[in-house]
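*Asks:* Sending over a structure as structure tokens; questions will come in a sec.
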Amino acid sequence: MIINIRNWGAVGAATIDTDKPLIIMCGPNSTGKTYVSYLLYALFSKSAKDFVDGVVPDGIIQQIKETNKFNLEESYLKSVLDQTASYIKRDLIPTVFAISEDVKKILFRYFRLNLDFSEGQYERIISTSHDQGWYIPMERISVKLKKDANSSEVNVYITKKEEDNTEADISLEKIPFFEELLFSFLRSITYEGVRDARMLTVERNSIYTFNKELSLTRNAFRDEIPFNVKNPGEIMSLLEINTQRYPLAITDSLRIANDLQLIQKNKGEYYEYASKLEENLLRGSIEVNKSGAVEFEPFTHAKTKPHLPIQMTSSIVKTMSSLILYLKHLARKNDLVIIDEPEMNLHPDNQILLTRIFAELVNKGLRIVISTHSDYIIREFNNMIMAKEISAKKNLVAEGIENPYPKSQMLSIKDTEVLYFNISRTTNKIIGSNIPVSEYGFDIASIDATIQAQNSNTHFLSNILKYGESKD
């Protein structure tokens, strides 16, 4: 998917190709990288993907009535993208940032969002199979939509069970929410490249330490709850609505933190990579106890292994716990994980180890977006890109010399997108520029300039200490 952003808060313009499984965002502080991360999360999280007020394009219903099938035209799917962009602009911005409607009108008055298919995306959708089904228990109706691989034809199967278990014909008009189900099918196909999203914000080192204090329902405005609402589920929903105090990504992280007792029963597809991080970075394991609290169990030879509550652990444990628990229990293939400053609290050697794990995850089907200021992370990505290029040109490596990177850690140029955010001298607006990626990787000018300036000062001062002040 190609995302074109205009006037997204401080960001004047940016274009992002989310078909790239690795997206790296760089640039000076306060240039809108977090804003863009929040927008990507809103686009691919269930908050935006599961909205139900979409309109089914004209022509589909009539085709189904006549033939029990319809042709999946590209325009139908692009209509879903247009409606998603409109929904975000119209309704979701206050939730994304936890701001009022009045503030939204001031800060995002000129915001424009355009979503489009990337090159070959429609053809890839047609080449894959897709089916989705629903059962409406009160009506005893089953609905199934099925598209075979290499076909644009979608077959619609509808059955209704009578009291005697015989099947009866039913008209579309009598199926509750049929257009909503149909739109859900179109939406899931449109988003076929990304299953779900998760964002690890810079607040992640506090999520499990203070999740009870930051509870979504704490200090709710109870006097705003209608007197006739008795159902506990309805009350909880109203409390959450009245306590939208945090941006969407943080709110969703708190929901996960408060539901770890259930979540820990799942085993994610990337569990082994969580174990790698525990072994190589933490030298201990992140666990969830019976009450749902996060604990750290250091690797030790002692007979009684201590279980440290998260608030007693080091900064690296607090920072890495969100990613580790996500990989252990939630991550699935084609998920998108957005990580703000992955280098936070990590020594350079651990930044390098983490970057190599990122490459392995990308090669295993997980999509990753990071924003970073770390030269160590950038250089390691460049090393893994060069390793991939060398591997493809085997004659560049002398016999008997091994490439220092295994194939699992090599990165492809075509899989990597780099954006550099900075203030444009001509427009005085922040622009997200696409940085070319070559066989040598990519350069981040501001970081290189800072390192060169520091090296120059170091050489100047060390020469004075060594040789004395120049007579010239």
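*Asks:* Angle between the Cα long axis of helix 74-87 and the longest principal axis of the chain, 0 to 90 degrees, nearest 10?
*Replies:* 70 degrees
*Asks:* Considering only protein heavy atoms, what is the solvent-accessible area of ARG109 at a probe of 1.4 Å, reported in Å² to the nearest 10?
*Replies:* Here the accessible area works out near 150 Å².
*Asks:* In addition: Mind checking the full-extension length gain between MET138 and SER151? Use 0.36 nm per residue of separation minus the Cα-Cα distance, one decimal, nm.
*Replies:* 1.3 nm
*Asks:* I would also like to ask the following. Which one is right for this structure if Rg/Rh (Cα atoms, Kirkwood Rh) is calculated from it: [x] 0.98; [y] 1.15; [z] 1.02?
*Replies:* [z]
*Asks:* Among LEU92, LEU115, LEU465, which residue has its Cα positioned farthest towards the positive end of the charge dipole of the chain, with +1 placed on the Cβ of Lys and Arg, -1 on the Cβ of Asp and Glu, and the dipole taken about the Cα centre?
*Replies:* My answer, from the dipole projection, is LEU465.
*Asks:* Now for a different question. Taking the Cα centre of the range 429-472 as origin, sum charge times position over the Cβ atoms of Lys and Arg (+1) and Asp and Glu (-1), and report the length of that vector in debye to the nearest 20.
*Replies:* Taking the Cα centre of the range 429-472 as origin, the dipole is about 160 debye.
*Asks:* I would also like to ask the following. With each pseudo-label sitting 7 Å past Cα toward Cβ, what's the SER391-MET312 distance in nm, one decimal?
*Replies:* Distance between the two pseudo-spin positions: 4.3 nm.
*Asks:* In addition: Can you show me the helix-derived [θ] at 222 nm for the chain, built from DSSP H runs with n ≥ 4 at -39,500 (n - 2.57) apiece and divided by the number of residues, rounded to the nearest 500.
*Replies:* One gets -11500 deg cm²/dmol as the mean residue ellipticity at 222 nm.
*Asks:* To the nearest 20 debye, what charge dipole does the range 82-212 have about its Cα centre, counting +1 at the Cβ of each Lys and Arg and -1 at the Cβ of each Asp and Glu?
*Replies:* That gives the range 82-212 a dipole magnitude of about 840 debye.
*Asks:* Report, to the nearest whole %, how much of the accessible area of the chain belongs to carbon and sulfur atoms, 1.4 Å probe, protein only. Kindly include the intermediate steps, with their values, before the conclusion.
*Replies:* Numbers: 12440 of 24700 Å².
Of the solvent-accessible surface of the chain, carbon and sulfur hold 50 percent.
*Asks:* Tally the DSSP beta bridges in the chain and give the antiparallel ones as a percent, rounded to 5.
*Replies:* So the antiparallel bridges amount to about 70 percent of the total.
*Asks:* What angle do you read, to the nearest 10 degrees and between 0 and 90, between the alpha-carbon axis of helix 375-392 and the longest principal axis of the chain?
*Replies:* The helix 375-392 is inclined about 80 degrees to the chain.
*Asks:* Treating only the Cβ atoms of Lys and Arg (+1) and Asp and Glu (-1) as charged, compute the dipole magnitude of the chain about its Cα centre; round to the nearest 20 debye. Working shown, then result.
*Replies:* Values: 56 positive and 62 negative charges, 186 e Å.
So the magnitude is around 900 debye.
*Asks:* Going by alpha carbons, how many degrees (0 to 90, nearest 10) lie between the helix axis of 248-257 and the longest principal axis of the chain?
*Replies:* The angle comes out at about 90 degrees.
*Asks:* Follow-up. Report the full-extension gain for the segment ILE170 to ALA449: residue separation times 0.36 nm, less the Cα-Cα distance, to one decimal in nm.
*Replies:* Contour length minus the Cα-Cα distance gives 93.5 nm.
*Asks:* Order these peptides, 4-17, 358-371, by their mean beta-carbon neighbour count within 10 angstrom, highest first. Intermediate values should be presented prior to the final figure.
*Replies:* Working: 4-17: 18.1, 358-371: 21.5.
Result, highest mean Cβ count within 10 Å first: 358-371, 4-17.
*Asks:* May I have the convex hull volume per residue, in Å³, for the Cα set of the range 59-146?
*Replies:* 172 Å³
*Asks:* Also, quick follow-up: Can you give me the accessible area per residue for the chain, using a 1.4 Å probe, in Å²?
*Replies:* Ligands and nucleic acids excluded, the result is 52 Å² per residue.
*Asks:* Tally Lys/Arg at +1 and Asp/Glu at -1 over every other residue whose Cβ is under 12 Å from the Cβ of ILE23; what's the total?
*Replies:* Overall, the nearby charge balance is -1.
*Asks:* Among ILE447, GLN261, ASN383, which residue has its Cα positioned farthest towards the positive end of the charge dipole of the chain, with +1 placed on the Cβ of Lys and Arg, -1 on the Cβ of Asp and Glu, and the dipole taken about the Cα centre?
*Replies:* ILE447
*Asks:* Could you work out how much longer the chain between SER188 and ASN29 gets when fully extended? Use 0.36 nm per residue separation minus the Cα distance between them, nm to one decimal.
*Replies:* On the way: separation 159, 0.36 × 159 = 57.24 nm, distance 3.57 nm.
Separation in residues times 0.36 nm, less the Cα-Cα distance, equals 53.7 nm.
*Asks:* Which of the listed residues, GLY59, MET25, ALA42, is farthest toward the dipole's positive end in the range 22-116, when Lys, Arg count +1 and Asp, Glu count -1 at the beta-carbon?
*Replies:* Result: MET25.
*Asks:* With a 1.4 Å probe and all protein chains kept in place, how do MET344, MET199, MET138, MET386 rank by accessible area, largest first?
*Replies:* So the residues, ranked largest to smallest area, are MET138, MET386, MET344, MET199.
*Asks:* Related question: Which links in LYS65/LYS333; LYS333/LYS414; LYS333/LYS388; LYS146/LYS328; LYS89/LYS333 stretch past 25 Å when you go from one Cα to the other?
*Replies:* LYS65/LYS333; LYS146/LYS328; LYS89/LYS333
The values are calculated or read from the model by the stated rules, or taken from the named source; none is laboratory data. Just so it is clear, the model here is predicted, and its values are computed rather than measured. For neighbour counting, all protein chains shown are included, and Cβ atoms are generated from backbone atoms with ideal geometry for every residue, glycine included. Just the protein is used for accessible areas: all its heavy atoms, side chains included, with ligands, DNA and RNA removed. Shrake-Rupley method; radii C 1.70, N 1.55, O 1.52, S 1.80 Å.
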